[in-house]
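Quick notes on the structure that follows.
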Ligand code: HEC
């Protein structure tokens with residue numbers, strides 16, 4: 001029996017399967033199951049080619065299958081009966097599993113502006129979302145300087161996604177779902193407080209709360225890449241550029257989002 005090509009093929013396939021699922025993961029990183037399926041199909045093809053390479057081997061290869069389906073010994077009959085019941089049942093079960101509707105709860109809809117946390121930690125400093133204002137606004141003397149810094153930040157870091165004209169249509173914008181926010185109009189900056197915008201820029205997509213998922217925001221977290229002042233500057237620049245006022249802090253505190 002151990003000399004039979006069919007039996008050997010079977011052993012080889014089992015070994016190959018074990019190697020793809022456990023061996024590769026052990027040697028480097030595990031591979032996804034779809035890849036395991038692909039590798040198995042390729043291995044199967046190669047093994048069949050080999051088995052069919054000579055008439056003798058091919059006949060030996062087919063013999064057990066042929067006997068199981070045709071021969072009239074009691075053993076073959078039993079094997080045949082069991083196989084003819086079990087295989088269709090197995091195929092039916094797999095198909096059922098694939099097409100039966102899943103009863104998982106649907107993903108919650110994302111609120112467009114998820115509620116902000118009460119406070120955030122920015123570089124180890126606590127920023128209160130309700131009382132914190134844009135500190136640069138009080139700095140009347142250097143107002144123009146802060147705007148210039150903000151503009152520089154915007155065209156160095158943000159416009160690829162949010163666009164030259166703040167419309168959310170930068171060069172990369174079409175590559176993302178959801179699209180980068182459009183800052184003009186009355187749906188984004190105009191109805192947000194500056195501390196809210198600070199939170200979104202500092203923490204980006206990774207900092208969105210649970211209710212905002214599943215939602216693959218590409219908005220980067222800028223904490224660690226921009227300083228606190230740079231973020232307040234770019235916020236000031238944006239409101240100046242679109243000609244809107246931020247939502248007042250008190251109403252943000254009353255209503256939240
Ligand atoms: C890689 C593309 C990308 C870059 C670069 C990027 N953003 Fe975003 N941004 C997004 C996407 C996508 C969204 C929408 C999803 C979300 O709200 O997280 C977004 C959302 C935002 C929001 C939220 C607006 C709202 O209405 O809630 C603000 C504010 C923002 N970005 C500011 C910035 C600033 C400032 C910069 C530069 C420092 C920047 N973004 C750079 C992709 C980007």
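Answer rounded, prolate or oblate for the range 119-255, using the Cα gyration tensor with square roots of eigenvalues a ≥ b ≥ c: rounded when a/c is under 1.5, else prolate when a/b is larger than b/c, else oblate.
The shape class here is rounded.
Hey, fewest Cβ within 10 Å first, where do 84, 189 land in order? Display every interim value, and only then the final one.
Numbers: 84 11, 189 25.
Fewest-to-most Cβ neighbours within 10 Å comes out as 84, 189.
In units of 2.2 N^0.38 Å, what is the alpha-carbon radius of gyration of the chain? Walk me through the numbers before you get to the answer.
Numbers: Rg = 31.8 Å, N = 257, 2.2 N^0.38 = 18.1 Å.
Ratio of Cα Rg to 2.2 N^0.38 Å: 1.76.
In degrees from 0 to 90, rounded to the nearest 10, what is the angle of the helix 143-153 Cα long axis to the longest principal axis of the chain?
20
Roughly how tilted is helix 74-99, in degrees to the nearest 10 and between 0 and 90, from the longest Cα axis of the chain?
Helix 74-99 and the main axis of the chain meet at about 10 degrees.
With a/c under 1.5 counting as rounded, go ahead and sort the range 33-83 into rounded, prolate or oblate using the C-alpha gyration tensor (a ≥ b ≥ c being the square roots of the eigenvalues; past the cut-off, prolate if a/b is larger than b/c, else oblate). Could you put the intermediate results ahead of the total?
Values: a/c = 6.13, a/b = 1.53, b/c = 4.00.
Oblate is the answer for the range 33-83, as a/c is 1.5 or above yet b/c matches or exceeds a/b.
Give me 226, 12 sorted ascending by neighbouring Cβ count inside 10 Å, so fewest comes first. Each step should come with its number before you reach the end.
Numbers: 226 19, 12 16.
Going from sparsest to densest Cβ surroundings: 12, 226.
So how tilted is helix 5-18 from the main axis of the chain? Cα-based, degrees 0 to 90, rounded to 10.
Rounded to the nearest ten degrees, it is 20.
Roughly how many nanometres apart are two label points built 7 Å out from the Cα toward the Cβ at residue 125 and residue 41?
Modelled inter-label distance: 5.7 nm.
Sorted from fewest to most neighbouring beta carbons within 10 Å, what does the list 90, 122, 198 look like? Display every interim value, and only then the final one.
On the way: 90 10, 122 18, 198 25.
In order of increasing Cβ crowding within 10 Å: 90, 122, 198.
Suppose only helical runs count, i.e. DSSP H with n ≥ 4. What mean residue ellipticity at 222 nm does that imply for the chain under -39500 (n - 2.57) per run, divided by all residues and rounded to the nearest 500 deg cm²/dmol? Provide the component values of the computation, followed by the final result.
Details: 10 runs with 126 residues, N = 257.
Mean residue ellipticity at 222 nm (helix-derived): -15500 deg cm²/dmol.
Let me understand the range 5-99 better: what is its radius of gyration from the alpha carbons, and its Dmax, in angstrom?
16.7, 50
Enumerate the residues in the range 39-80 having an amide nitrogen under 18 Å from the point lying 7 Å beyond the Cα of residue 27 toward its Cβ.
Residues 39-44 fall inside that zone.
Values quoted throughout were computed directly from the atomic coordinates according to the rules given, and no laboratory measurement underlies them. Computed from a predicted structure; not experimentally measured. Neighbour counts are summed over all protein chains in view; Cβ atoms, including those assigned to glycine, are modelled from backbone coordinates with ideal geometry.
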